[in-house]
1. How big is the charge dipole of the chain about its Cα centre, in debye rounded to the nearest 20, if each Lys and Arg gets +1 on its Cβ and each Asp and Glu gets -1 on its Cβ?
2. If you roll a 1.4 angstrom probe over the protein chains with everything in place, what fraction of the accessible area of the chain belongs to carbon and sulfur, to the nearest %?
3. Determine how large the accessible area of THR83 is when every protein chain is in place; take a 1.4 Å probe and give Å² rounded to the nearest 10.
4. Projected onto the charge dipole of the chain (+1 at Lys/Arg Cβ, -1 at Asp/Glu Cβ, origin at the Cα centre), which of ILE210, PRO64, GLN151 gives the Cα projection farthest towards the positive end?
5. Report, in order of residue number, the helices in the chain meeting two criteria: a C-alpha extent of 18 Å or more along the helix axis, and a mean Kyte-Doolittle hydropathy of at least 0.0; treat each whole DSSP H run as one helix.
6. Return one whole number: the accessible area per residue of the chain in Å², for a 1.4 Å probe.
7. Among LEU65, LEU171, LEU109, what's the order by accessible area (1.4 angstrom probe), most exposed first?
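The values are calculated or read from the model by the stated rules, or taken from the named source; none is laboratory data. Bear in mind that the values here come from a model prediction, so they are computed numbers and not experimental data. Reconstructed Cβ throughout: ideal geometry from the backbone, glycine too, with neighbour counts over all protein chains shown. Just the protein is used for accessible areas: all its heavy atoms, side chains included, with ligands, DNA and RNA removed. Shrake-Rupley method; radii C 1.70, N 1.55, O 1.52, S 1.80 Å.
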Amino acid sequence: MGADALLRPAWSVPRHMQPVEVPIHHLLAYVLLFGMLYGAFLGSYPGPDGPRPIQMFYAALKVPLLQLVSFALTLPAFFVVNTLLGLRDDFGPAVRALIGAQAVMSLVLAALGPLVAIWYCSDTSYHAATFFNGLLFFIAVSAGELLVRRQYGPLIRANPRHKVMLVGWFLVYIFVAIELAWVLRPFIGDPELPTTFFRPQMLDNAYIVIGNMILRAMGW
């Protein structure tokens with residue numbers, strides 16, 4: 001089953017080929033493969049002496065790690081709340097839809113990877129590179145959300161509580177992913193700093209740091 005099946009809406013597939021389902025182990029493989037591919041592009045920002053292959057290797061490991069660990073951390077709470085809401089019988093299809101979303105995010109990121117290389121060649125600003133990659137992550141997350149909505153359609157029609165569950169999981173996932181991304185930094189790697197897997201302040205709270213930055217910007 002090709003990765004293109006992830007992107008096809010059900011109405012675009014011939015009736016004799018439905019349902020289109022990618023095995024879960026294939027989905028996880030896509031997260032690893034395409035996530036690592038995009039990570040290599042992400043970490044290819046050049047230093048003073050040119051390309052930094054070690055940073056590319058670190059970033060290639062971190063992108064799928066960010067996705068899979070964020071998903072794993074949110075899964076227990078997702079299971080408990082599904083059970084409390086009486087949605088336990090639909091837990092399998094729901095989890096499969098969420099894993100599919102991770103695969104689509106990785107696939108979209110990998111497709112956008114060459115744009116990262118072009119950006120790095122045309123703009124030497126580290127902060128601009130960070131913003132550009134943040135924009136690409138937003139696009140990939142939006143694509144994953146579209147897939148989840150499509151996969152969740154039958155579940156929501158059968159029980160509207162699935163819609164509440166989906167929105168709740170998405171918010172928790174974003175919250176966890178932002179903090180984990182802060183812990184796993186650097187992804188691009190500041191060319192003025194030594195290449196490392198983690199920053200010394202890796203255990204800082206991202207939300208406290210962001211809050212302090214906002215307060216300082218406001219002069220408080």
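1. Charge dipole of the chain: 620 debye, to the nearest 20.
2. With neighbouring chains kept in place, the figure for the chain is 72 percent.
3. 50 Å²
4. GLN151
5. 24-42, 53-84, 91-122, 126-158, 161-184
6. Here the per-residue accessible area is 56 Å².
7. Of LEU65, LEU171, LEU109, the descending order of accessible area is LEU171, LEU65, LEU109.
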